[in-house]
Amino acid sequence: MLSAIIWLPVLGAMLIGIIPRFSRTIALAISGLTLAISIAIAATFNYQDPGLQFVEKFTWIEPLGLDYQLGVDGLSLPLVILNALLILLAVVATNTELMRGRLFYALMLLVSTAITGAFLAQNLLLFFLFYELELIPLYLLIAIWGGEKRGYAATKFLIYQALSGMILLAGFLSWAWFTKTGNFNYESLAATHLPANLQLLFLCVILLGFGIKMPLVPFHTWLPDAYIEASTPVSMLLGGIVSKLGAYGLIRFGLGLFPDAWVIVAPWLTIIAVITAVYGSLIAIAQTDIKKTIAYSSVAHLSYILLATAAGTPLSILGAVCQMVAHGLILALLFNLVGIIEAKTGTRELKQLHGLLNPQRGLPFVGVMLILATMASAGIPGMVGFIGEFLSFQGSYTAFPVATLICLASTGLTSVYFIIIINRVLFGKLEQNHTYLPKVASYERVPAIVLAALIIWLGIQPNILISHSQITTDRIVAMMSHPTTQIAEVENPLLGGVPVGRGG
């Protein structure tokens, strides 16, 4: 079943090349079928089993230690479903009159294959192959269908992402050389014990690679350009799921493989999390372009995932998983709505947008959905954003109380920049040149309605998400060693409470 959700989109891309006339229909059918299989996997998933399930394995290139090994657990399952959902909704949100649609839909399906494969790969080289596979399709999606500066944004995206991949590959190969294991299977490497200094070295390399992907300050500069210049469907994918590969990598390959070294590095990661949270929020407030505001808000919210991962408590790691899903749903909805606003009004500038909530001449549907999305992003109870932030902060407080309080205070800045957007865009007098704005088409409404429904449903019933992930996240935390004297030697003004890996 796991191979099916990876390779079905490739089959779909090949069918689009053979039958170009029905490219949109094929993309919708294949992405819908992929989502259905993903949901079927979740329905039969044993959430009492902390290990890998639906495992598939065969030897591929034995001299390189490259095996085709797939598996899913409570960490990867929510992200696999999120990816399948966002691919389908991105296809639905695509303009039906898009130029060169055959190539566009084929590239979208290839992105689906790459991201799903990365989440399911249990061999480090196989993970790297899928990790790099998504670069070229995303580069082309930005460079061909992006905005005015699409060439610059696409090239910058490609350089940063390729650098991230090269750093990770160097870390993986060096690790295999030092351990002399001869293979790259995750379970085998997780059972390998290395000296503390080597663990720390390899962990720092992996943190750098995934830190660029996530991205974290100061490696974030590719993100605003890529998000802003990408078309609406591609922005939904970039913000909704692509950045989650970095967060997933930190937990799976950082915390999961180097638990001893993680305890040493964690206090310093909290400093990066605090800087990223405050910086991203303040820069978001200063923007006049709605899409740019949302892009920088994404940087700030990703820092909460880093903080929770650094804390390493059972509750914080569970919160990090929930926050990844929540962030993906909310950001996809926000980018979808901003895309509709730009398509109907011709601008994203706050100074030129007023009165869109006007029930006769404005965009009342978009206005209502935008209010809901901003409330969810601000962590209002009853929505999925609240449960992700609540678990993350509650779990992190026992390990890093000062850093948690600073990040918690930065969530107040979220309300500031979103209130600015709501006040200026939705209220006031509609511009005279906008006598009657075009109506929102059905293909534009469907993604917003589905995402909004999930945001509310998972906010009211978070146990649907928690129950499938908790056993796995508890197992990851249990792998962390008990704090040693090494931790006491780390001077960090943000370190407080109990040592990393306890509490929660």
Cα shape, the stretch 396-479, gyration tensor, a/c 1.5 rule: oblate
Exposure rank, largest accessible area first [W262, W60; 1.4 Å]: W60, W262
Cα-based helix-to-principal-axis angle, 2-18 vs the chain, degrees rounded to 10: 40 degrees
FRET efficiency estimate (nearest 0.05) - Cβ-Cβ, W268 to T155, R0 35 angstrom: 0.65
Cα-centred dipole magnitude for the chain, charges only on beta-carbon of K, R (+1) and D, E (-1), debye, nearest 20: 1260 debye
Whole-number accessible area per residue in Å² for the chain, which is evaluated in the context of all protein chains at 1.4 Å: 36 Å²
Computed over the stretch 1-62, the ratio Rg/Rh where both radii use C-alpha atoms and Rh is Kirkwood: 1.11
Efficiency of FRET from Cβ geometry, I422 and K180, R₀ 60 Å, rounded to 0.05: 0.55
Solvent-accessible area, 1.4 Å probe, carbon plus sulfur percent, for the chain: 66 percent
Area projected by the alpha carbon convex hull of the stretch 291-373, averaged over all directions, nm²: 5.8 nm²
For the chain: span of alpha carbons on each principal axis (Å, largest first): 70, 55, 41
Centre separation in Å (Cα based) which lies between the stretch 367-431 and the stretch 40-86: 33 Å
I406 - accessible surface, heavy atoms, 1.4 Å probe, Å² rounded to 10: 60 Å²
Efficiency of FRET between S188 and K429 - r from beta-carbon atoms, R0 45 angstrom, step 0.05: 0.10
Scaled radius of gyration (Cα, divided by 2.2 N^0.38 Å) that the stretch 50-165 gives: 1.21
Rounded accessible area of I39 (nearest 10 Å², 1.4 Å probe): 90 Å²
In the stretch 375-474, the trypsin sites (Lys or Arg not before Pro) that fall in loop regions by DSSP, at most 11 other Cβ within 10 Å: K429, K439
Of A266, A191, Q461, farthest towards positive along the dipole that unit charges on Lys, Arg, Asp, Glu beta carbons give the chain: Q461
Residue-span extension gain [I136 to E56] - 0.36 nm each, minus C-alpha spacing: 26.1 nm
16 Å tail of the calculated P(r), the stretch 280-338, as % of Cα pairs: 48 percent
Over 19 Å (Cα to Cα) - which of K149/K213; K213/K244; K344/K439 fall in this group: K149/K213
Ratio Rg/Rh [Cα only; Rh per Kirkwood] for the stretch 48-108: 1.18
C-alpha long axis of helix 135-145 to longest principal axis of the chain, angle in °: 10 degrees
Ranking by accessible area, most exposed first, for D49, D67 with a 1.4 Å probe: D49, D67
Integer Hz, Karplus 6.51/-1.76/1.60 couplings in order for the stretch 289-294, x for Gly and Pro: 9, 4, 5, 5, 4, 5
Among G312, Y105, L82 the positive-end extreme of the charge dipole of the chain (Cβ point charges): Y105
Solvent exposure ordering (accessible area, 1.4 Å, most first) of H301, H468: H468, H301
Normalised contact order of the stretch 337-443, rounded percent, pairs of Cα under 8 Å and 6 or more residues apart: 44 percent
Ratio of the Cα radius of gyration of the stretch 161-283 to 2.2 N^0.38 Å, where N counts its residues: 1.15
Nitroxide proxy distance, nm - points 7 Å out along Cα→Cβ at I460 and I18: 4.5 nm
Inverse mean reciprocal Cα-Cα distance (Kirkwood Rh) of the stretch 353-442, Å: 15.0 Å
In Å, descending, principal axis extents of the Cα set of the stretch 237-357: 54, 23, 19
Acute angle (nearest 10 degrees) that the helix 384-397 long axis makes with the longest principal axis of the chain, alpha-carbon atoms: 30 degrees
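The values are calculated or read from the model by the stated rules, or taken from the named source; none is laboratory data. Keep in mind that this is a model prediction, so the values were computed, not measured. Neighbour counts run over all protein chains shown; Cβ positions are idealised from the backbone, glycine included. Heavy atoms of the whole protein, side chains included, go into the accessibility calculation; ligands, DNA and RNA do not. Shrake-Rupley method; radii C 1.70, N 1.55, O 1.52, S 1.80 Å.
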